[in-house]
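All of the numbers you see were taken from the coordinates with simple rules; none came from a lab. Keep in mind the model is a prediction, meaning the values are calculated, not measured. Methodologically, a virtual Cβ is constructed for each residue, glycine included, from the backbone with ideal geometry; neighbour enumeration extends over all protein chains shown.
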Amino acid sequence: MRYLPLTSEDRAAMLARIGAGSIDDLYVDVPSSAQLSGLVDLPLRQTELQVERALKDLAAMNTQAGETAFFIGAGAYRHHVPASVDHLIQRSEFLTTYTPYQPEIAQGTLQALFEFQTQVAMLTGMEVANASMYDGSTGCAEAAVMAARITKRSGVVLSGGLHPHYAETTRTVCEALGMGVKAAPAAIDAEAAVGELIDADTACVIVQSPNVFGTITDLSPIVRAAHAKGALVVSVFTECVAFGLIEPPGAYGVDIAVGEGQSIGNALNFGGPYVGLFATQEKYIRQMPGRLAGETTDADGKRGFVLTLSTREQHIRREKATSNICTNSGLCSLAWTIHMSLLGEAGLKQLALLNHETAIKTAAALTAAPGVELLTPRFFNEFALRLPKNAAEVVDDLVDHGVLGGVPFSRLNPQAGLDDVLLVAATETNTDDDIALFKSALEAVLEGDQA
Amino acid sequence: MTQLRSTRGEAGDGAPAPKTVSGSRGLLQAASLLFETGSADRSGVDFPEAQGLPDRLGGLRRKAPVGLVGLSEPEAVRHYVRLSQRNYAIDLGFFPLGSCTMKHNPRLNERMARLPGLSDLHPLQPASTVQGAFELMAELAHWLLELTGLDAVAMSPKAGAHGELCGMLAIRQALIARGEGETRKRVIVPASAHGTNPATAAACGFVVDEIGATEEGRVNMEALREKLGPDVAGIMLTNPNTCGLFERDIKEIADLIHEAGGYFYCDGANYNAIVGRVRPGDLGVDAMHINLHKTFSTPHGGGGPGAGPTVLSAALAPYAPIPHLVRRDDGALDLIEHAAEAAGQPFGRMCAFHGQMGMFVRALSYMMSHGADGLRQAAEDAVLNANYILARLKERFNAPFAASGPCMHEALFDDSSIRAHGLETIDLAKALIDEGYHPFTTYFPLVVHGAMLIEPTDTEPKAELDRFADVMIALADRAASGDQSHFKTAPRLAPVRRLDETGAARKPKLRWRPEEAFKHAAE
């Protein structure tokens with residue numbers, strides 16, 4: 001077997017040194033009644049070529065995003081990732097190492113995390129950031145729990161623009177802890193309405209900008225209203241490229257900014273692995289979940305980096321930990337920081353601007369179709385359309401035209417009564433031809449319905 | 001500038017390493033911070049010009065600069081290659097970090113995960129366009145269920161601890177369905193458990209009740225019996241346990257917990273020792289997460305991403321979270337994304353999408369490569385390697401449970417043999433760094449003093465194990481000779497010396513700030 005170096009002779013010699021007659025002697029503590037007498041009912045070993053063929057066959061059954069006119073967003077975005085990013089994260093020393101528990105031989109990972117934390121704090125306009133979360137949705141849930149720790153309150157209020165999957169993830173985590181969750185009804189431009197739901201037990205309000213419908217919101221009034229009632233504001237985002245062009249959450253004075261970082265450095269990957277970005281103000285760092293890299297010095301006074309404030313974490317605090325998390329999304333955060341370093345200030349701004357312009361052009365083209373209405377008043381690279389027809393059916397019909405034309409809102413939240421709403425995202429990867437194809441396909445699909 | 005300060009330190013036995021003017025030392029290049037190297041106007045990405053369309057931002061355009069710096073591509077490549085050379089890795093050498101399963105990461109898996117037909121898929125594409133991806137998930141689920149003998153698997157948990165959360169939330173939901181959600185609040189957790197276990201139980205609103213171990217390092221059955229009662233929700237037990245032992249009484253533990261009306265959560269972090277030899281379902285387990293990044297060799301990536309699919313017994317399967325796959329009558333696979341559409345009563349949702357697809361591809365590629373025969377052989381080799389290390393080292397290092405039977409995939413020692421010479425576990429660990437090894441796991445499990453947990457995995461050839469054992473024995477000799485300073489000043493041959501972790505925690509500095517550029521330049 002190509003991954004196993006021991007030979008039969010090695011095994012025999014080792015058993016002899018151990019003083020065991022056979023490998024079975026090493027499993028004597030396993031109840032004999034439960035031991036398998038033979039192999040489990042699965043295929044036997046295969047060569048590299050065989051495995052490659054089988055997996056390529058599965059891959060070939062899928063419609064790859066890049067071979068269509070692709071306009072899906074709603075929490076994951078298709079961007080171009082420079083070739084050097086994927087090359088660098090596949091270096092053995094990054095790919096095949098562990099959590100940096102021995103900092104003297106993990107300075108590469110630790111410095112990269114320190115730089116990542118700095119870039120996340122800058123991008124979100126916050127004071128500090130952690131070394132990443134599993135993804136945006138789990139980060140959102142952790143933010144709610146953190147707010148409850150800080151305020152010693154147990155209520156959570158969700159805006160009607162929060163991604164429904166983020167809302168469900170947060171509800172699952174909070175309800176298990178006995179925290180009450182109130183959610184405003186789905187609404188395209190009503191982030192500020194969460195203010196009405198704040199009461200004396202509200203730990204935080206969770207708003208999203210750009211929200212799931214793409215709407216950008218000035219969060220200042222929400223921050224004022226929440227703080228006046230002793231509640232924190234958690235600001236969620238799913239498209240981090242936006243902050244190259246729009247005001248970041250930190251500019252509005254939010255307490256926690258959390259969201260999905262997949263757009264930078266990471267492929268769509270059918271939903272994971274992604275990288276959650278989590279930032280807050282300095283005064284809250286000891287209540288923050290997740291890993292943190294910090295700067296320090298070595299015995300010679302030389303700069304170095306370590307994991308720090310681990311007294312918050314489960315391996316020290318056990319049931320009193322701030323979270324049960326014991327990994328971050330290491331390699332995805334590395335991809336994020338490399339891509340961001342390549343972009344830099346100028347590159348990020350240009351990338352964001354191109355996304356915005358592509359979305360403007362897409363919206364203009366699609367709303368030229370009869371009966372199609374733009375619902376999102378202010379947007380970055382994603383917007384909601386009202387169609388003269390059930391959006392889920394339109395999306396299915398568009399597939400036949402080579403268009404992956406967005407997400408029907410009903411797929412995310414079937415109860416909202418927004419069955420005619422389509423969420424459309426555009427990025428720098430969309431060409432004018434893609435937009436033209438989407439437009440003509442949409443017209444054909446809508447016309448076909450009338451015929 | 002700081003990065004030009006030359007490094008001190010000694011090479012070998014006392015000969016000082018020459019100071020250098022550049023701060024670099026041979027192949028080890030000096031590495032500045034990104035922010036000390038790049039600038040706001042440099043970029044490693046080219047873009048077309050924008051068209052200057054009127055914006056649709058409603059006046060919410062960013063006012064202040066982000067503050068980022070950029071690097072050209074050659075500068076970026078160098079920056080990260082230099083950083084990479086400050087990391088130890090399994091590809092470089094022996095990495096016997098107990099409980100973490102640092103085994104070889106086959107590169108076929110990386111190639112497969114990057115097939116555009118698998119990586120360039122959006123999680124919300126119409127089901128008709130992602131049947132291959134669904135089939136791959138279903139195939140991986142089939143392998144996991146066949147290997148574990150359980151009834152269902154929740155694929156969405158994103159890491160081991162996330163899988164624990166999934167399993168415990170399923171237990172919570174099952175208790176609620178039985179009308180016992182308010183009365184059964186106590187979860188029994190052995191003192192030797194991973195810290196995530198009590199943290200997870202607490203995150204589900206349970207009260208943690210710790211039980212001790214016997215002298216031989218296993219669950220104290222008498223203590224367990226005393227703990228059982230009508231308020232018990234379940235037990236969280238790692239098996240093989242963190243002392244490296246198989247819980248001999250595991251079936252009785254399962255029976256007792258079931259008779260008491262509770263559920264059995266098994267922490268699957270150590271599942272790699274028993275794959276293909278015994279099925280957790282046959283032992284009475286109700287829920288177990290599987291660390292694909294340990295047992296099925298998806299890369300650890302410097303701390304994630306992991307993946308923690310969680311297998312569930314028939315009793316818990318109805319409460320599995322959304323989303324999950326179902327096969328329609330026409331043979332096509334579809335995703336159940338809403339509780340109302342599910343056959344059971346899902347406890348909720350673990351994350352935005354379907355889980356760590358990139359890790360699923362890698363794990364399936366690994367499992368298919370090994371096959372039923374290779375997976376069992378890998379488990380046996382891991383156990384054989386650990387017992388070989390135990391046999392080679394137990395004369396010189398105290399193995400507190402060596403008399404408790406064979407170890408599984410990891411060998412546990414304590415620091416009693418070096419404490420006599422004024423040294424502790426961390427000193428030996430740092431001396432190993434100078435010898436070119438990643439240290440074992442230090443100070444875990446907490447139930448022994450100065451724990452050293454060594455997990456060689458199935459990746460290591462016998463010659464490598466012998467070299468490591470020889471080094472450990474030589475270090476034991478050196479400790480016995482009274483050469484404390486060799487250990488206390490280690491590491492001296494790593495890119496940095498011992499780091500001030502206390503200072504880092506006392507005055508946390510978690511980011512670079514622009515004003516430091518001036519301060520460093522002035523130095």
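Proximity of backbone amide H atoms, modeled 1.01 Å from N, is registered between residue B:325 and B:336 at under 5 Å, excluding neighbours fewer than 5 places apart on the same chain. Of the three principal axes defined by the Cα atoms of chain A, the extents in descending order read 81, 54, 49 Å. A Förster distance of 25 Å, applied to the separation of the beta-carbon atoms of residue B:72 and residue A:429, puts the FRET efficiency at 0.65. Computed over the alpha-carbon pairs of segment B:60-147, the distance histogram in 10 Å steps reads 11, 20, 27, 27, 13, 1 percent, short to long. The residue B:332 and residue A:228 beta-carbon pair, evaluated with R₀ = 35 Å, returns a calculated FRET efficiency of approximately 0.10. Rounded to whole numbers, the Karplus 3J(HN,Hα) couplings from phi for segment A:373-381 are 10, 7, 9, 8, x, 9, 9, 9, 10 Hz, using 6.51 cos²θ - 1.76 cosθ + 1.60 with θ = phi - 60°, and x at Gly and Pro. Annotation for segment A:235-258 versus segment A:80-151: alpha-carbon center distance of 17 Å. An ellipsoid equivalent to segment B:271-409, defined through the eigenvalues of its Cα gyration tensor, has semi-axes of 36, 17, 15 Å when rounded to whole angstrom and sorted largest first.
The distance between label points at residue A:415 and residue B:259 comes to 4.3 nm (points 7 Å beyond Cα on the Cα→Cβ vector).
Could you tell me how far the Cα centroid of segment B:38-69 sits from the Cα centroid of segment B:383-455, in Å? Answer, in whole Å: 54.
Relative to one another, the C-alpha centroids of segment B:301-337 and segment B:203-253 are positioned 28 Å apart. Bridgeable lysines around residue B:294 (alpha carbons under 22 Å apart, same-chain partners fewer than 8 residues away excluded): B:103, B:158, B:462. The magnitude of the dipole of the protein assembly as shown, with charges of +1 and -1 set on the Cβ of Lys/Arg and Asp/Glu and taken from the Cα centre, is near 2560 debye. Along its first, second and third principal axes, ordered by size, segment B:244-298 spans 38, 18, 18 Å in Cα coordinates.
Charges were assigned to the Cβ only: +1 to each Lys and Arg, -1 to each Asp and Glu. The resulting dipole of segment B:110-364 about its Cα centre is roughly 500 debye.
Looking at chain A, what % of its DSSP beta bridges pair antiparallel, to the nearest 5? Around 55 percent of the beta bridges assigned by DSSP in chain A are antiparallel ones. Think of the protein assembly as shown as having a plus end and a minus end, set by charges on the Cβ of Lys, Arg, Asp and Glu; of B:207, A:70, B:444, B:444 sits farthest toward the positive end of this dipole. Within segment B:340-393, list the trypsin sites (Lys or Arg not before Pro) lying in a DSSP loop whose Cβ has at most 10 other Cβ atoms in a 10 Å radius. Within segment B:340-393, no trypsin sites (Lys or Arg not before Pro) qualify (loop, at most 10 other Cβ atoms within 10 Å).
Between the beta carbons of residue B:470 and residue A:8, assuming R0 = 25 Å, the FRET efficiency works out to 0.60 to the nearest 0.05.
Binning the C-alpha pair distances of segment A:314-366 at 5 Å intervals from 0 yields a P(r) profile of 5, 16, 11, 11, 12, 11, 11, 9, 7, 5, 2, 0 %, listed from the shortest bin outward. For segment A:105-145, the residues whose amide N sits under 14 Å from a probe point set 7 Å from the Cα of residue A:177 along the beta carbon direction are A:138-145. Per the Debye calculation on segment B:373-504 with a single equal scatterer at every Cα and no solvent contribution, log₁₀ I(q)/I(0) for q = 0.15, 0.21 Å⁻¹ amounts to -0.73, -1.29. Largest first and in whole Å, the equivalent-ellipsoid semi-axes of segment B:110-364 read 31, 21, 15, each the square root of five times a Cα gyration tensor eigenvalue. For residue B:398, the residues 5 or more places off, or on other chains, whose built amide H falls under 5 Å of its own are B:414, B:416, B:417. Of the residues A:89, A:316, A:435, B:176, the one with the fewest other Cβ atoms within 10 Å heads the list, and the complete ranking is A:316, B:176, A:435, A:89. How large is log10 of I(q)/I(0) for the protein assembly as shown at q = 0.07, 0.08 Å⁻¹ when the intensity is taken from the Debye formula with one equal scatterer per alpha-carbon? Here log10 of I(q) over I(0) equals -0.56, -0.74. Taken over chain A, lysine pairs spaced eight or more positions apart, or on distinct chains, with alpha carbons under 30 Å apart number 17.
Stretching the chain fully between residue B:343 and residue B:142 yields a gain of 70.4 nm (0.36 nm per residue, less the alpha carbon separation).
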